[in-house]
Amino acid sequence: MVAILNYDSEFILIGLVKCFSYIVFSFLFYLIAKENIKFVNIIIGVHVLICVFAILQHPLSPISSSMMAIKKTLFASIEASEGIAKKLNNQEEYIKLGIGIRFRASGPFPSAITFSYFLLSTFFLNIYMYFRQKKGVYLGIISLILVCSFLTQTRSLILAEFFILLGVFVFIHNEKLNSYKVIFTLIGLIASLVFINKIESFFTGNKDSRLTKLDDEGSHRDLLWLTGLYAVATHPLGITSEEYAEVRREMFYKFGKEAVLVLPSHNGFVNVGFNYTIFGYPVIILFFIFLFKHIKMHISTYKILFTLYVTGYIIHSMFHNNFLFYSDYDVYMVIMLIPIYSYIDKNDNESFIRKKLMMYE
């Protein structure tokens, strides 16, 4: 690629290191969780600190400026990146002016979208650990994650999380969970009756918050998706930035929407074509078939849980540029749980059989 296509060798090296780091990250998580599922609590503890950092960074926090200073220190070595520097400066400006209604929490990440992918994965990780360990502390952490999710003002994230929660409430049944269902349902009904006017005014009168803007007017996501697909279709073996710019101009002349000239596709699946050409699509599809095939090997509860997560992840990714294989590390923590659960169950069954045999001897 360097010799024939005149690619920048540094760009190739960065890609190789990134691919290797994905493997290392996933395998380390697998080793930790396989050794003892309780070790995952250490990772969850770090996740809780990240969520607390995000909340303390919000303009309503009395120490938001100090938290922002810490965040800028974390990114000091890459401030030369114009995109990241702009995002950090915008966040700092909102904090200085105290504009909480427009502030999108991002924690120690450069943007709210990157943070949202992290939140979706750790959200499921805690749901999984609740069913594995049956401890109420995970419900508290889930509540903390939901607070952070609302602070990101990312509608697709909240949609995906509530899709997962709804699926858990409807399809998963056990004695302890059913009691929580009754409690949460009663709390929700009472809150809706008491605060119905405030809830209505929040969604109808508050036009500044992205969360309350239920329509997507002005974003032209459907056109961005179409532009991305058209670019991949017309350049199936790879597209340069110049060729993509030409496709964008063509779509602008056809539809007259300036958004296509500057905004990316905002669809993780569409972006597979930009990262791996048209051959990336069958690979991704086969990978999901592979996942669902192994999900089916689990007992009912975990089969439902993993299916809900994968579906929720797809829902969230359909509105943003990140996707597994090229720009999302956190999803692998969930994917690695699929074989880990089988490994744990297999060991438990073997241990149970050995104990039975010893009793008979």
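Some observations on this one:
- Counted charge near Phe118, where neighbours are those whose Cβ lies closer than 11 Å (Asp, Glu -1; Lys, Arg +1): -2
- Rounded to the nearest 10 Å², the accessible area of Ile338 at probe 1.4 Å: 10
- With the simple model of a label 7 Å out from the Cα in the direction of the Cβ, Val262 to Ala85 spans 1.9 nm.
- Above-threshold pairs, the threshold being 32 Å between Cα atoms, out of Lys71/Lys257; Lys96/Lys134; Lys38/Lys96; Lys18/Lys86; Lys257/Lys303: Lys71/Lys257; Lys96/Lys134; Lys38/Lys96; Lys257/Lys303
- Using a simple spin-label model with pseudo-atoms 7 Å out from Cα toward Cβ, Val137 and Phe20 lie 3.7 nm apart.
- Accessible surface for the stretch 1-140, divided over its residues, is 55 Å² per residue with a 1.4 Å probe.
- Placing +1 on the Cβ of every Lys and Arg and -1 on the Cβ of every Asp and Glu, with nothing else charged, gives the stretch 1-154 a dipole about its Cα centre of roughly 620 debye.
- Remark: spin-label model distance Ala245-Ala233 equals 2.5 nm, labels positioned 7 Å along the Cα→Cβ axis.
- Ranking Tyr130, Ile101, Ile84 by how far each Cα lies toward the positive end of the dipole of the stretch 63-152 (charges on Cβ) leaves Tyr130 at the top.
- For the stretch 96-144, relative contact order (Cα pairs under 8 Å, six or more residues apart, normalised by length) works out to 20 percent.
- Heavy-atom accessible surface of the stretch 218-349, averaged per residue, reaches 49 Å², computed with a 1.4 Å probe.
The values are calculated or read from the model by the stated rules, or taken from the named source; none is laboratory data. All values reported here derive from a predicted model rather than from experimental measurement. Note: ideal-geometry Cβ built from the backbone for every residue, glycine included; neighbour counts use all protein chains shown. For accessibility, only protein heavy atoms count, side chains too; no ligands or nucleic acids. Shrake-Rupley method; radii C 1.70, N 1.55, O 1.52, S 1.80 Å.
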